[in-house]
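One structure is given here, and the rest of the page talks about it.
The values are calculated or read from the model by the stated rules, or taken from the named source; none is laboratory data. Fair warning: this is a prediction, and the values are worked out from it, not measured in the lab. A quick note on method: Cβ atoms are made from the backbone with ideal geometry, for glycine too, and the neighbour counts reach across all protein chains shown. When the accessible area is computed, the model is the full protein with side chains, heavy atoms only, and any ligands, DNA or RNA have been set aside. Shrake-Rupley method; radii C 1.70, N 1.55, O 1.52, S 1.80 Å.
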Amino acid sequence: TGRLGLAYVMANGVTPYVSYATSFDPQAGQDIDGNALRPTEGKQWELGVKFRPTAFDGLMTAALYDLRQTNVRSAYTDANGVGNYRQEGEVRSRGLELEASADLTQGWNLRGQYSWNDTEVLDGDNEGNQLANAPEHNASLWLNYDFAPGHRLAGLQLGGGLRYIGERYGDAANSYDLDDVTLVDLQASYAITEDIGLSVNVSNLF
């Protein structure tokens, strides 16, 4: 596998870039016909821009991508209800990713993300279908607070956020839908020393 990227850092804080990457992922087990699963291989182009503003401490990024994979493993249930796997000939994911983070005043940090992802099986048993559990829209918003040095709670960080997962299909055959959902997460961490810390995370509070 290999990766190649090119970026140009401009004086105004804007950095356009382009990258190409390949992947190779061995798969264990057999498919529904008893054949050994073949390795999943992929290739991805990405074109984007990063911006680091001078007015405040933050970073904004935008990226367009096109990812194609062969021999992607998908779950399959036969007529007797027995679960197994198939491998799709080729699948594609393409879309847009937007991210932003900013250190606000007095210990506050805000991070946000949105992605639009268009998936399709290009060749295989489910040609023309969307990938299973691959929502078209995802978004998240997270807020952190760090207690300042000298405060009696110095070293403590509290955070909370929202995650939105859009509608998607529940299986490779696209036979049923999964509704969109918004989840609430919480986090607390404490730096005991420079090298030792404690963290508690709550995923999907409700």
Matching strands (runs of 3 or more DSSP E) fully within region 1-103 where at least 1 residues are touching an Asp or Glu at 6+ places or on another chain (Cβ under 6 Å): 14-25, 40-51, 57-77, 83-103
2 or more residues in contact with a helix residue (DSSP H, G or I) (Cβ under 9 Å, 6 or more places away or on another chain) and open to solvent by 50 Å² or more (accessible area, probe 1.4 Å): qualifying strands (runs of 3 or more DSSP E) within region 113-206: 137-146
Filter result (among the polar types (S, T, N, Q), surrounded by 12 or more Cβ atoms within 10 Å (Cβ to Cβ) and over 29 Å from GLU88 (Cα atoms)) within region 1-48: THR15
